[in-house]
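Comments concern the structure below.
The values are calculated or read from the model by the stated rules, or taken from the named source; none is laboratory data. In this text the structure is predicted, and so the values were computed from the model without any measurement. With ideal geometry, Cβ positions are generated from the backbone for all residues, glycine too; neighbour counts draw on all protein chains shown. Calculation scope for accessible area: heavy atoms of the full protein, side chains included, ligands and nucleic acids excluded. Shrake-Rupley method; radii C 1.70, N 1.55, O 1.52, S 1.80 Å.
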Amino acid sequence: MPGSSTVRMPVASFQTVGTVVLCAFFVSGAGGLIHEVAWTRLLRLVMGNTIFSITTVLCAFMGGLALGSYLGGRFIDKRKDPLRIFAILEGTVALYCFFLPWLIPAAEPIYRLIYQNTHTSFYLFSLIKFIFSGTLLLVPATFMGATLPVLVRFFVRSMDNVGYPVGTLYAVNTFGAVLGGSAAGFLLIPNLGVTMTIRMACLLNATAAAACYYLYLRIGTGLPELVPVRDEIQEKTGKKITKKKKRKLETVP
């Protein structure tokens, strides 16, 4: 129940929860790269140049991921509800990006006003558009970047077992990103257009958010405590748990 400080969850149950969370992170990675590819096409209408639009998206996306990872790591250490925070992050990305196709063109009157009153050079004017557009994209990219340290907080039980959970999370998210980027470039945008592709990515983000928030409601605010369950197994069977098995119980499936 929500509000409990700890949750005594059998190992098999935690493995099921972990599998669902990994699937949600896979979907999140796919949605993130769909957004990135779609943003590149969307900014071509504003930047007027493919190279400038790709540069803007890459700078905002990679910078947002780095900033989000840093801020998310510092924030989540003080929390005990990583699934809830992950759901909020994904839900925010879905909501913000849903309106992004209208937010970016909405800045065109500002560009027109600046150009008419300053008569800046082409490259300086492109820099101004880079700053405006990049700031708009930096916001959702930062939320995306915060999802990894948040889920690391959920999976990592001990500082002795960091590599496998983090590696698994990163690999799952990367595979999702590869699938999402390929689908966006070869299937979604050619058949659905940029706006509908962004909405499809928002649906993926919302699905990941809903799944993890549902799990949060089921297991509560506390992190699943595997150590007491492991001790109960040892007491019932009378068998000593080896260090290898102990580490296996404390890691993701």
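For the stretch 182-207: of the residues being in a helix (DSSP H, G or I) and free of Cβ contacts under 8 Å to residues at least 12 places away in the same chain, which is most open to solvent (accessible area, probe 1.4 Å)? So that I can check it myself, show each step before the final result.
From the stretch 182-207, those in a helix (DSSP H, G or I) are 182-192, 194-207; that's our starting set.
Filter once more, keeping what is free of Cβ contacts under 8 Å to residues at least 12 places away in the same chain: 182, 186-187, 190-192, 196.
Values: S182: 54, F186: 163, L187: 107, P190: 87, N191: 117, L192: 80, M196: 83 Å².
Taking the candidates together, the pick is F186.
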Taking the stretch 179-195 and keeping residues farther than 13 Å from L33 by Cα and among the small types (G, A, S) leaves G193
With criteria (1) under 29 Å from V152 (Cβ atoms); (2) open to solvent by 80 Å² or more (accessible area, probe 1.4 Å); (3) not polar (S, T, N, Q), I34 comes up short on (2)
Counting only residues in the stretch 107-120 that are modelled with pLDDT of 80 or more and surrounded by fewer than 12 Cβ atoms within 10 Å (Cβ to Cβ), the one farthest from T197 (Cα to Cα) is identified as L113
Scanning the stretch 63-104 residue by residue, the ones that are in contact with a helix residue (DSSP H, G or I) (Cβ under 7 Å, 6 or more places away or on another chain), in a helix (DSSP H, G or I) and surrounded by 14 or more Cβ atoms within 10 Å (Cβ to Cβ) total 29
All-but-one check, F125 against (1) in a helix (DSSP H, G or I); (2) open to solvent by less than 20 Å² (accessible area, probe 1.4 Å); (3) more than 21 Å from G63 (Cα to Cα), failing number (2)
Filtering the stretch 25-58 down to residues that are closer than 18 Å to K129 by Cα and in contact with a Gly (Cβ under 6 Å, 6 or more places away or on another chain) yields T56
Residues of the stretch 136-165 being in a helix (DSSP H, G or I), open to solvent by 50 Å² or more (accessible area, probe 1.4 Å) and modelled with pLDDT under 95, in sequence order, are R153, G163, Y164
Expected output for the stretch 13-42 (first residue farther than 20 Å from A146 by Cβ, partner buried (at least 23 other Cβ atoms within 10 Å of the Cβ) and polar (S, T, N, Q), Cβ below 6 Å, 6+ apart or cross-chain) is A38/T197
Residue set L83, L113; condition over 18 Å from L138 (Cα atoms) and in contact with a Leu (Cβ under 6 Å, 6 or more places away or on another chain); output residue L83
Checked the stretch 48-86 for anything among the aliphatic types (A, V, I, L, M) and modelled with pLDDT under 90; matches are I51, I76
